[in-house]
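Worksheet: the structure to be examined is printed underneath.
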Amino acid sequence: MRRAVRGALGLATIGTMAGMALAAEKPPAEYQNVMKGLGAAQMSLRNNLTSKSYEGVAKDAVAIKASLRAAEQFWTTRKVQDAINFAKAGLKGATDLETAANAKNDEGIAAAQKAIGGACMGCHTAHRERLPDGTFEIK
């Protein structure tokens, strides 16, 4: 009896560990490109904020929205609700950013940028793992 219980516990532990190993995955190339595009848009946004280019900020908002729509689709197909919610929050922030840029509203731009950053950070904390070689996996 004890042997059967130990065997069952051992199999359960191995199954759990295997499931955890399988849960981590390299993001597909398309998703990596989406995230790189999002990073580039955010870098451009910082430059446009520094130079007070409201037109540039509005263009960056459009690029950020496109990337976040793709991220939302990625997570929707995987049915990961918190990641979907992060993408939606980022999309709202990007929409607010575009509106604020078009209105030349610096306070609105700052609030929208903070919302986008919070959404990105939340998702990265929950679903991204940095590997020793500097690449990332989805966890």
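Each reported figure results from applying straightforward, stated rules to the coordinates on display, with no laboratory input. None of the values given here were measured: they were computed from a predicted structure. Don't worry about glycine lacking a Cβ; one is built from the backbone with ideal geometry, like all the others, and counts go over all protein chains shown.
Between Thr50 and Arg130, what FRET efficiency comes out of the Förster formula 1/(1 + (r/R0)^6) with R0 = 25 Å and r the beta carbon distance, rounded to 0.05? Efficiency computed from Cβ-Cβ geometry: 0.35. Length gained on full extension, Thr99 to Lys26: 22.8 nm, using 0.36 nm per residue less the C-alpha separation.
Working note: Karplus 6.51/-1.76/1.60 with θ = phi - 60° gives the range 120-129 the couplings 4, 5, x, 5, 4, 5, 7, 10, 10, 10 Hz, where Gly and Pro are set to x. Would you kindly calculate the translational diffusion coefficient of the range 22-139, applying Stokes-Einstein with the Kirkwood radius from alpha carbon pairs, for 10 °C and a viscosity of 1.306 mPa s, and quote it in µm² s⁻¹ without decimals? The calculation lands on 110 µm²/s. What the phi angles of the range 56-68 give under the Karplus curve with 6.51, -1.76 and 1.60, with θ = phi - 60°, is a coupling list of x, 4, 4, 5, 4, 4, 4, 5, 5, 4, 4, 5, 6 Hz, glycine and proline written as x.
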